[in-house]
Amino acid sequence: MDFQPLSLSPYLKHNLSMIAFNLARTILSRRTWALILAFGLLTTVAVSKDMALVSNKTNSLPPIALADLVKVCKGQMGRWPDGKPVTVVMRQPGSADLKIVEEKIYASTSQDVRDVIASANHNRAERPAIILGNSDEEIIRKVESMPGAVGLVDVYSITGAVQVVKIGGKLPLESGYPLHGN
């Protein structure tokens, strides 16, 4: 028995080439989607924020315990030990930027945090216990201009206009820091 090589017509060769090309494109496309998905998951993890407690530079705040920060953020502390009125400046409840604070300071939903803010500010018309800002830059400007004020901002927004306050003896980005994003 003598085998002869199969000769293909140009039309059939073209079709087989197109099939091979489309198959390779499909495989590449699936790999590309897998890479995009993996990159997206890593980006989501990287987006988790570490929040910092910053203070007006004229405040002489020592490191604050987490329990005391909870009291401050709930408007339960009216004055600092040096007599200055306490005001917290932070982002809007429900915003992605305040999620870590809602979870770790308030241990509440966004609506519950709004209710706490309304209650804390109820009898403090001249100087609210809690002021909401629309950006970290706005929060830093308010903290900078208001003696006794502290603010909660993304660690990468900190400027020389404010000072960072240790929480539980830890600075942002240190292991065990309580406002570390998940």
**Prompt:** What is the one condition in (1) open to solvent by 40 Å² or more (accessible area, probe 1.4 Å); (2) farther than 16 Å from Lys166 by Cβ; (3) assigned to a helix (DSSP H, G or I) that Ile100 does not satisfy?
**Reply:** (1)
**Request:** Quick one: Ser119 ticks every box in (1) surrounded by fewer than 17 Cβ atoms within 10 Å (Cβ to Cβ); (2) free of Cβ contacts under 8 Å to residues at least 40 places away in the same chain; (3) hydroxyl-bearing (Ser, Thr, Tyr) except a single one, so which number is it?
**Result:** (2)
**Complete:** Residues of segment 103-116 being free of Cβ contacts under 8 Å to residues at least 12 places away in the same chain and not acidic (Asp, Glu), in sequence order, are Ala107, Ser108, Thr109
**Message:** Any residue at all in segment 128-139 that's exposed (fewer than 15 other Cβ atoms within 10 Å of the Cβ) and either of a type in the set (A, V, I, L, M, F, W, C) or touching a strand residue (DSSP E or B) at 6+ places or on another chain (Cβ under 7 Å) (or both)?
**Reply:** no
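Residue-by-condition table, conditions (1) farther than 14 Å from Val165 by Cβ; (2) open to solvent by 40 Å² or more (accessible area, probe 1.4 Å); (3) within 17 Å of the chain's Cα centre (by Cα):
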position: Cys73; (1), (2), (3): no, no, no
position: Arg79; (1), (2), (3): yes, yes, no
position: Gln92; (1), (2), (3): yes, yes, yes
position: Glu126; (1), (2), (3): yes, yes, no
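The values are calculated or read from the model by the stated rules, or taken from the named source; none is laboratory data. Being a predicted model, the structure only gives us computed values, none of them experimental. When we count neighbours, we look across all protein chains shown, and the Cβ atoms used for this are built from the backbone with ideal geometry, even at glycine. Each accessible area value is taken on the protein alone, full model and side chains, heavy atoms only, with ligands, DNA and RNA left out. Shrake-Rupley method; radii C 1.70, N 1.55, O 1.52, S 1.80 Å.
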